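A.B. asks: Quick one: structure below, then a few questions.
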């Protein structure tokens, strides 16, 4: 349809890139209008639909994301931090909205995304699933109810063997939500590694445990451990399709939005 949202995908041959292409083709109100990969990639010049295991879509994969963005309304990015920052600069120049699922950005890279969001609408979330968005909201709420003197918080996550950042972006997001619920900055209570003679656990600390192995899509649990009882909030992803579905939902949501940095809570209306 002529009024369908034109969606572009950078890193279109990656696992998430292919899933986003598939999800767009299954979703009313949007179409794949652009796709790109890094220069020299074997997919350059091929049809984006064929690359994603579909029939041809009439969209050729190119190696110029800036040119691709000029022909779309929103671009979906599940790549790597340095590439995402560059894509945000290109999207700003093109006036194209972004949906970012990339994790592992450092402080300077995160700041670059915030700068871009002053000019274009950007939905940036460590996890695009509806369930994890709900888990983030619940974690903040429960952390505010269960005080640091009575309940210790630990965030446990497990992912497939190929994941390159740890703790996961979702785990860090859950830690930030817990810290926000208690009115503190995560950096002031963060503990990612315990080894050797550590001494007693300080009140208010938020700990992280990271597991890697097999083909686990993503398991996350927030543990509130008190004397005599334990409250656990858990989300387990059985397929990456939930992330692709969330990303496409976010892409549709950006249409007509003002410039700004948004989360999936905004997309789903969980932020009031």
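The values are calculated or read from the model by the stated rules, or taken from the named source; none is laboratory data. This structure is a prediction, so every number in the text was calculated from the model and none was measured. Here the Cβ positions follow ideal geometry from the backbone for every residue, glycine too, while neighbour counts run over all protein chains shown.
A.B. asks: For the range 187-215, give me the residue count where each residue is in contact with a helix residue (DSSP H, G or I) (Cβ under 8 Å, 6 or more places away or on another chain), surrounded by fewer than 19 Cβ atoms within 10 Å (Cβ to Cβ) and under 19 Å from residue 235 (Cβ atoms).
C.D. replies: Going through the range 187-215 one residue at a time, the tally reaches 1.
A.B. asks: Of all the residues that make up the range 134-164, how many are surrounded by fewer than 16 Cβ atoms within 10 Å (Cβ to Cβ) and not in a helix (DSSP H, G or I)?
C.D. replies: Of the residues in that region, 7 qualify.
A.B. asks: Would you call residue 174 free of Cβ contacts under 8 Å to residues at least 60 places away in the same chain and outside any loop (DSSP other than H, G, I, E, B)?
C.D. replies: yes
A.B. asks: Here are 180, 225, 209: which of them is modelled with pLDDT of 95 or more, in a strand (DSSP E or B), under 21 Å from the mean Cα position of the chain (by Cα) and not assigned by TED's automatic domain parsing to the domain that holds residue 85?
C.D. replies: 209
A.B. asks: Sort out which residues of the range 48-78 are buried (at least 18 other Cβ atoms within 10 Å of the Cβ), outside any strand (DSSP E or B) and in contact with a strand residue (DSSP E or B) (Cβ under 6 Å, 6 or more places away or on another chain), and write them in order of number.
C.D. replies: Correct list: 48, 57, 59, 61, 65, 68, 69, 72, 73.
A.B. asks: Oh, and also: Specify the residue that is nearest to residue 139 (Cα to Cα); the eligible residues are those in the range 235-254 that are touching a helix residue (DSSP H, G or I) at 6+ places or on another chain (Cβ under 8 Å) and assigned to a strand (DSSP E or B).
C.D. replies: Selected residue: 235.
A.B. asks: Out of 231, 267, 222, report the one residue that is loosely packed, with under 15 Cβ neighbours inside 10 Å and in contact with a helix residue (DSSP H, G or I) (Cβ under 9 Å, 6 or more places away or on another chain).
C.D. replies: After applying the criteria, what remains is 231.
A.B. asks: Being under 24 Å from residue 205 (Cβ atoms) and either under 17 Å from the mean Cα position of the chain (by Cα) or modelled with pLDDT under 95 (or both) narrows it down to one residue among 175, 144, 131; which is it?
C.D. replies: Answer to the check: 175.
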